[in-house]
1. Considering each of Val492, Val477, Val481 in turn, give the residue that is open to solvent by 30 Å² or more (accessible area, probe 1.4 Å), in a strand (DSSP E or B) and farther than 23 Å from Cys408 by Cα.
2. Take Phe359 and decide whether it is closer than 30 Å to Phe269 by Cβ, out of contact with any Lys or Arg (no Cβ under 8 Å at 6 or more places or on another chain) and open to solvent by less than 50 Å² (accessible area, probe 1.4 Å).
3. Could we say that Phe347 is of a type outside the set (Asp, Glu), at pLDDT below 95, part of a strand (DSSP E or B) and in contact with a helix residue (DSSP H, G or I) (Cβ under 9 Å, 6 or more places away or on another chain) here?
4. Considering only the range 264-279, I want to know if a residue exists there that is under 15 Å from the mean Cα position of the chain (by Cα) and under 18 Å from Arg155 (Cα atoms).
5. One residue is enough: does the range 21-37 have a residue meeting the conditions crowded, with 16+ Cβ neighbours inside 10 Å and at pLDDT 50 or above?
6. If you scan the range 394-443, which residues turn out to be free of Cβ contacts under 8 Å to residues at least 60 places away in the same chain, open to solvent by 30 Å² or more (accessible area, probe 1.4 Å) and closer than 24 Å to Ala294 by Cβ?
7. Looking at the range 340-354, which of its residues are farther than 21 Å from Thr278 by Cβ and either of a type outside the set (D, E, K, R) or open to solvent by less than 30 Å² (accessible area, probe 1.4 Å) (or both)?
8. Which of the residues belonging to the range 234-249 are open to solvent by 80 Å² or more (accessible area, probe 1.4 Å) and at pLDDT 95 or above?
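The values are calculated or read from the model by the stated rules, or taken from the named source; none is laboratory data. Note that the structure is a prediction, hence the values are computed from the model and not measured. All Cβ positions, even for glycine, are placed from backbone atoms using ideal geometry, and neighbour counts span all protein chains on display. Please note that ligands, DNA and RNA were not included when accessible areas were found on the heavy atoms of the full protein model with its side chains. Shrake-Rupley method; radii C 1.70, N 1.55, O 1.52, S 1.80 Å.
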Amino acid sequence: MKFASLIVSSWIVFSHQHAHTVAASSSVGTGGLRKDIDVNRKLQQTTSGKACISWDEFDFPNNANDAYCEVDNIYEKAIMIIEGNNCKRKKVRNKVMWLTETNNIRAAKGVLVNECLEFIGTDPGPSPGPPPAPTPVGGPPSDVACTTLEGLNFRTIGECSNRNVKNRVEEKMKANGCDHNYNTEISLLFDNTDTDEAKTEITDRCKREFGCVVNFNLNGCDYNAIMDAVDRRLRNCPHGIEEELQAMTNTGSIDGAKNFLRGICDEVFDNVDTSSYTDIDSRFDNTFMNNYTAGKGFLNDETGNFQGGQRKNPATPASLSAGESINDFYEDDADSTILTNDGFGNFDSCENQAYMCCFGRDRQSNDNNGNCARNDCEDADPGDNSNLCFTEPSNTPYHGQTENDIHCHGLAWAEDENDLISLFKMNNFFYVSMYDHMYTRGYVESAVRDSPDDIPMCACIEDMPKVSRADCTQVDVDLPVSFTRDSNGNLVATAGNVQVDFNACQGRDFDDGNRANNDLASYAVKLVYQDRMSPDTRDRIFETLLGYAKPNNNENEQVCQEAYNNLS
């Protein structure tokens, strides 16, 4: 026990190097060798819990030779000791550096070799570690990173997979004449001796520069849809949606990213076929269409079926040819092109993202709509679906039985001009006004023709008279767009073929949020739910559609009376 105590005291007083020298010189050839080593092991295990390894576990007195002291062999022995002590292998480097009291693995390996060589009498040299390997001509020192994070240029990597990141780093290392491996390089780049942490850091750096999302598909191309699609794919990403959009667009701000994405969408839509109203019929220029929306011109003034066949009030050749043009366009191009507006109808100045028509006459018989009959079609009324409340600025009342039957029908679109329902709003207007109501049903002219106020047939909803409600049509557009990254890492998009369908609006009841279809006010409510329209815009729409709280109530005279009474 006294001898054991002496060994313990010697270990505490002297350094690792002298301690091993004492142990070797005083123990070789004695019967107390094993007991001395056991005592030392217990002490080292007590004081090296963090490293999970002690010096005497290498058993240098019995194992040291030239082969055992080779750097790879002695380091492998350290790994075996750590695993044998039921310690995690994940941070072997840290445990070995703790044991050798060094701050990098290269120096730690040098200490292991020196300690081993001391037991076979080889002069290890003055260095605490082996001399650095010779640096290739033009290459950096081995203890300095030979690449830079900026020089790795992750913008062009294509995808920040672990394999791609490693290949990119090793390519740059080879070009710069590095003499160490990938793990050493990334540890030097981030000044982090934990290789696993360094790997995470280099991958996160790539993702911050290039982004996490490589490709995705959408129907259409607008900022909100892109943001939602990207956000759903941000798994295992070191940042949020705004940072990702900036990385994908190589911009320095979210506003810059928005502008970049709008530019992408503009390019997508520029490659979709377009059409104009003069493509429908050469007569349908801006002057003609302004008269048409005002409820004037031969399409509104004449009586007769656009399909022909009415003997008592036959349509004129002008109406027949216009009807043929409208039907042809509906069959061929209305569902496959973007119909543009060259400036008629004040569409570009609509403040409330909605357009409405209120028709006051039925010019066509035998279509099961309105009360125009084969032999009685003079001053016929359309199918009644609303109540005209009063007109402005004279505030002339029409509630009660004052007005004839009227039929109101409208459309609404999103705040984002690249939203599909915004992009195809002129297709929707063509369908609502010219095809579905005029050509198919024969509904024409403004709601009242003898008003002291100038009442258009169709206009921005804020320019229409107060009514109780309106029917509604929405466009359902299929425009597949594929998004990917180009060789510079920037987002690019390619569009497929477009298909447009015209359907009754799918809306929501203002009061309870339940389904309320074919109602313009309820469709505005739904657009607010979808963040495509602001509540303020919806409320301004309600200033025209006074019965918004009672969708599909075609006989809501009460709301008109109340609104008129509130004028005084």
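1. Values: Val477 fails: open to solvent by 30 Å² or more (accessible area, probe 1.4 Å); Val481 fails: open to solvent by 30 Å² or more (accessible area, probe 1.4 Å).
Answer to the check: Val492.
2. Numbers: closer than 30 Å to Phe269 by Cβ: no; out of contact with any Lys or Arg (no Cβ under 8 Å at 6 or more places or on another chain): yes; open to solvent by less than 50 Å² (accessible area, probe 1.4 Å): yes.
So Phe359 does not fit the description; no.
3. Details: of a type outside the set (Asp, Glu): yes; at pLDDT below 95: yes; part of a strand (DSSP E or B): no; in contact with a helix residue (DSSP H, G or I) (Cβ under 9 Å, 6 or more places away or on another chain): yes.
Spelling it out, it is not the case that Phe347 is of a type outside the set (Asp, Glu), at pLDDT below 95, part of a strand (DSSP E or B) and in contact with a helix residue (DSSP H, G or I) (Cβ under 9 Å, 6 or more places away or on another chain).
4. Restricting attention to the range 264-279, the residues satisfying the condition of being under 15 Å from the mean Cα position of the chain (by Cα) are 264-265.
Now restrict to residues that are under 18 Å from Arg155 (Cα atoms): none.
So far as the range 264-279 goes, no, none of its residues is under 15 Å from the mean Cα position of the chain (by Cα) and under 18 Å from Arg155 (Cα atoms).
5. No - not one qualifying residue is present in the range 21-37.
6. Residues satisfying the conditions are Ser394, Thr396, Thr402, Asn404, Asp405.
7. Taking the range 340-354 and keeping what is farther than 21 Å from Thr278 by Cβ, we get 349-354.
Scanning the range 340-354 gives Ser349, Cys350, Asn352, Gln353, Ala354.
8. Of the residues in the range 234-249, the ones open to solvent by 80 Å² or more (accessible area, probe 1.4 Å) are 235-236, 242-243.
If the condition is that a residue be open to solvent by 80 Å² or more (accessible area, probe 1.4 Å) and at pLDDT 95 or above, then Glu242, Glu243 are the ones that fit.
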